[in-house]
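Right, one structure below, let's go through it.
The values are calculated or read from the model by the stated rules, or taken from the named source; none is laboratory data. Quick caveat, the model's predicted, so the values are computed rather than measured. Glycine gets a Cβ as well: all are built from the backbone with ideal geometry, and neighbour counts include every protein chain shown. For the accessible areas, the whole protein counts, side chains as well, though only heavy atoms, and no ligand, DNA or RNA atoms are used. Shrake-Rupley method; radii C 1.70, N 1.55, O 1.52, S 1.80 Å.
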Amino acid sequence: MEIVSAAEAASGWSWAQTTALTVPVIALLGVYITYTLNQRAVRRERRSKTFAEALTAVEEYLEMPYRIRRRPDLPEARRELTDEVSSILARMAFHQAWLQIEASSVAGPYATLVATARAEAGVQMSVAWLQAPITSDSGMNLGTAYSRERSNAAKTACITAMCRHL
């Protein structure tokens, strides 16, 4: 025989019923919190990867003066390099548009980085095209690096904005 308190008997509600309702609510709350935290982590990872891809496009553009300078003396090499520059410019434009849509607080610093890289590496590419193609292994070592001072400063500011947005 079950012992029931007078209050339970009067209300028709028992501790067993309270427990039966409380346990699933707590379990659902735990599932919801876990799901929310997992989704947040997935979004952060996706943003991080996209930001890294955007920075990679700029880095590839900044490397083009070296690739142009080290080109072989072949007409197809010139075509491949100009096609690659065009492809990189298109990727940087894609990332600029994506950031304006998805991460507007990062779009400005990224646009500044792209403009700075284009100004800095653009001049360097023009100079590299004027150099004679390399015809020996010893010519592959250029001896001096192209300046990236302004691009590196713009990249640091852009990375700072990206980190804040994550």
*With 40, 47 as the choices, which residue is in a helix (DSSP H, G or I) and open to solvent by 70 Å² or more (accessible area, probe 1.4 Å)?*
40
*Which residues, taken from region 64-76, are assigned to a helix (DSSP H, G or I) and either in contact with a Ser or Thr (Cβ under 6 Å, 6 or more places away or on another chain) or in contact (Cβ under 8 Å) with a residue 12 or more places away in the chain (or both)?*
64, 65, 66, 67, 68, 69
*Kindly indicate whether residue 161 is surrounded by 14 or more Cβ atoms within 10 Å (Cβ to Cβ) and either modelled with pLDDT under 95 or in a loop (DSSP other than H, G, I, E, B) (or both).*
no
*Members of region 31-61 that are without any contact (Cβ under 8 Å) to a residue 24 or more places away in the chain and hydrophobic (A, V, I, L, M, F, W, C)*: 31, 33, 37, 41, 42, 52
*State the number of residues belonging to region 130-155 that are outside any helix (DSSP H, G or I) and within 20 Å of residue 71 (Cα to Cα).*
13
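The rows are residues; the columns are (1) more than 22 Å from the chain's Cα centre (by Cα); (2) closer than 13 Å to residue 61 by Cβ.
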| residue | (1), (2) |
| --- | --- |
| 96 | no, yes |
| 100 | no, no |
| 105 | no, no |
| 108 | no, no |
| 111 | no, no |
| 130 | yes, no |
| 140 | yes, no |
*All but one of (1) over 18 Å from residue 148 (Cβ atoms); (2) open to solvent by 20 Å² or more (accessible area, probe 1.4 Å) hold for residue 81, so report the exception by its number.*
(2)
*Would you pick out the residues in region 61-78 that are open to solvent by less than 70 Å² (accessible area, probe 1.4 Å) and out of contact with any Leu (no Cβ under 8 Å at 6 or more places or on another chain)?*
62, 65, 72, 77
*Determine the pairs where a residue that is in contact (Cβ under 8 Å) with a residue 24 or more places away in the chain, located within region 116-141, has a partner that is in a helix (DSSP H, G or I) and surrounded by fewer than 16 Cβ atoms within 10 Å (Cβ to Cβ) with Cβ atoms under 7 Å apart, the partner being 6 or more residues away or on another chain.*
116/150; 120/150; 134/140
*Any idea how many residues of region 113-158 are surrounded by 19 or more Cβ atoms within 10 Å (Cβ to Cβ), in contact with a Ser or Thr (Cβ under 6 Å, 6 or more places away or on another chain) and not aliphatic (A, V, I, L, M)?*
3
*Could you say whether any residue in region 103-112 is part of a helix (DSSP H, G or I) and loosely packed, with under 13 Cβ neighbours inside 10 Å?*
yes
_Checking the conditions here, which among 97, 111, 103, 107 is of a type in the set (A, V, I, L, M, F, W, C), modelled with pLDDT under 95 and under 19 Å from residue 166 (Cα atoms)?_
103
